[in-house]
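See below for the structure under consideration.
The values are calculated or read from the model by the stated rules, or taken from the named source; none is laboratory data. Computed from a prediction, not measured in an experiment: that's the story for all the values here. Note that each Cβ is placed from the backbone with ideal geometry, even for glycine, and that neighbours are counted across all protein chains shown. Accessible surface is based on the protein model in full, side chains and every heavy atom, while ligands, DNA and RNA are left aside. Shrake-Rupley method; radii C 1.70, N 1.55, O 1.52, S 1.80 Å.
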Amino acid sequence: MKYILILLTALLLGGCAAKPTEKAAYRSITMDEAATMMVQETDYLILDVRRTDEFAAGHIPGAINVANESIGTDEIPELPDKDQLILVYCRSGNRSKQAAQKLAALGYTNIVEFGGIMDWPGEIEK
């Protein structure tokens, strides 16, 4: 009986010390809000998470390409500053949401997802 009380006490105290799991977060904005941010902000990256061939066919000027499929658990050399503002897009908005979630889970703190290039009102670079 004494051992059971000790075990229960240890379990209860251990449970109190456990921290709840925090879900990695990112922010979603509209395409117009993203265009405005690109004019107002200075230290940011535009991240295209489509495949390399899609990127080569046309992308937002100044964007860098890291395919969503290549984002896993390893560090990303193209994105060394985890606190830098990173604006993420893809073709339609699906992969950009997936990539934003994965980046947040990797510890990136300033991820802004803004949908797909299909809705981009600005110029496209090839």
Contact list, first residue from segment 101-121 and at positive phi, second anywhere and assigned to a helix (DSSP H, G or I), beta-carbon distance below 9 Å, six or more apart or interchain, is G115/M31; G115/A34; G115/S96; G115/K97
Here's a check for you: in segment 78-90, which residue that is buried (at least 17 other Cβ atoms within 10 Å of the Cβ) and of a type outside the set (A, V, I, L, M) is nearest to Q40 (Cα to Cα)? Y89
State the number of residues belonging to segment 50-86 that are assigned to a loop (DSSP other than H, G, I, E, B) and small (G, A, S). 5
How many of the residues in segment 6-36 are over 18 Å from the mean Cα position of the chain (by Cα), modelled with pLDDT under 70 and open to solvent by less than 100 Å² (accessible area, probe 1.4 Å)? 8
Considering segment 37-77 alone, what residues qualify as being free of Cβ contacts under 8 Å to residues at least 24 places away in the same chain and open to solvent by 70 Å² or more (accessible area, probe 1.4 Å)? V39, Q40, T42, R51, T52, D53, E69, S70, D74, P77
